[in-house]
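The values are calculated or read from the model by the stated rules, or taken from the named source; none is laboratory data. Everything numeric in this text was worked out from a predicted model, so none of it was measured. Methodologically, a virtual Cβ is constructed for each residue, glycine included, from the backbone with ideal geometry; neighbour enumeration extends over all protein chains shown.
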Amino acid sequence: MTDRAALAAFLRTRREALQPEDVGLPRGRRRRTGGLRREEVAALCDMSADYYGRLEQPRGPRPSEQMLAALARGLRLSMEERDHLFRLGGHAVPRRTRREDHVEPGTMRILDRLEDTPALVMDQLGRTLRQTRPAVALLGDTTAYTGWARSAHYRWFTDPASRLIRPESEHDEHSRLLVADLHGALARDGAQARVAELVDVLLQASSEFAGVWRRRPVPGPSCAPKRFLHPQLGTLDLHCQTLLDPGRSHRLVVYSATPGTESATNVRLLSLLPDRLSQNGGVRGR
């Protein structure tokens, strides 16, 4: 059963504890309260301000598991706080696994401060969990896929369109790095992990993957230069920095360009591109 009063109080205290800077929002001169406004939290949770307001009052409906998960992400809750939120909402606590989509608050705080930078949070299957707007402009909305297509590894070996973002001369090396990444994930998580299912699917779906897999490649330099082909900005030469959260098997991937180069100028322009890039599928790939 939903404890509406306790749920409302919990949401209110977590909203008031969050600062605009914590979620990448400007404070502004007219802000009188220290925490976030209800409409700001609603936007972070991808729900209407009216729906969120009714939850806090409390007179809202029993929230679904999907809504509670969205609230946990938007309010930057820890795993323990997320579990408590589910109990207050009258639902069983989600089973914890290393493959969950819940991104830790510390990782989210870093991502929120990268609003002008192509950055995304991925799991060990290559699924995008969160991404900044410049990342959408660069890569497309890679959170919108379903099924195995959520995995950048799967798309690379099964969807030719996903390769348009990389020069053809670099395809073989990128294939090798993706396969090496899965070899490493399988060694860490074991044959019973979800990554083993992905490997089995790819072995059946792609002869190229099967051939590279048999060679057992190992990962190369984590910050090696990467070249991207953008339909509006042309070629971007970027470096990739990765921050690993070992407890969650999540990685924060950040792309940057050498200062003073044309690529650095174009990276800044990514934030100004219209949203139609992602609505039309953008440039798909990793």
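Just a few scattered comments:
- Subset of the range 192-218 that is under 25 Å from the mean Cα position of the chain (by Cα) and surrounded by fewer than 14 Cβ atoms within 10 Å (Cβ to Cβ) - its residue that is modelled with the highest pLDDT: Asp200
- With respect to the conditions (1) under 21 Å from Arg133 (Cβ atoms); (2) part of a loop (DSSP other than H, G, I, E, B), Glu21 lacks only one, and its number is (2).
- Each residue in the range 171-196 was checked for being outside any helix (DSSP H, G or I) and within 16 Å of His250 (Cα to Cα), and 1 pass.
- Subset of the range 9-23 (residues that are among the aliphatic types (A, V, I, L, M) and either in contact (Cβ under 8 Å) with a residue 24 or more places away in the chain or not assigned by TED's automatic domain parsing to the domain that holds Glu39 (or both)): Leu11, Leu18, Val23
- Of the residues contained in the range 210-219, none is found to be without any contact (Cβ under 8 Å) to a residue 40 or more places away in the chain, touching a Lys or Arg at 6+ places or on another chain (Cβ under 7 Å) and not in a helix (DSSP H, G or I).
- Output for the range 261-286, where each listed residue is at pLDDT below 95, in a loop (DSSP other than H, G, I, E, B) and exposed (fewer than 15 other Cβ atoms within 10 Å of the Cβ): Ser271, Leu272, Pro274, Asp275, Asn280, Gly281
- When residues of the range 139-170 are limited to those that are assigned to a helix (DSSP H, G or I), of a type outside the set (A, V, I, L, M, F, W, C) and touching a residue at least 24 places away in the same chain (Cβ under 8 Å), the one nearest to Leu244 (Cα to Cα): His153
- The lone criterion from (1) under 22 Å from the mean Cα position of the chain (by Cα); (2) surrounded by 13 or more Cβ atoms within 10 Å (Cβ to Cβ) left unmet by Gln66 is number (2).
- Set side by side, the residues Arg73, Arg15, Arg27, Arg82 differ, and just one is among the basic types (Lys, Arg) and either in a loop (DSSP other than H, G, I, E, B) or over 26 Å from Thr132 (Cα atoms) (or both), which is Arg27.
- Condition check for Thr107: within 28 Å of Ala264 (Cα to Cα), free of Cβ contacts under 8 Å to residues at least 24 places away in the same chain and not charged (D, E, K, R): no
- Lone qualifier among Arg38, Arg4 - being of a type in the set (D, E, K, R), on the phi < 0 side of the Ramachandran plot and touching a Phe, Trp or Tyr at 6+ places or on another chain (Cβ under 9 Å): Arg38
- Which numbered condition Ala149 misses (of (1) surrounded by 19 or more Cβ atoms within 10 Å (Cβ to Cβ); (2) of a type in the set (A, V, I, L, M); (3) in the same structural domain as Ala257 (by TED's automatic domain parsing)): (1)
- Taken over the range 73-98, the residue count meeting the criterion of being of a type outside the set (Lys, Arg) and in contact with a Cys (Cβ under 9 Å, 6 or more places away or on another chain) is 2.
- Per-region count, the range 41-54, residues part of a helix (DSSP H, G or I) and either surrounded by fewer than 14 Cβ atoms within 10 Å (Cβ to Cβ) or in contact with a Gly (Cβ under 9 Å, 6 or more places away or on another chain) (or both): 9
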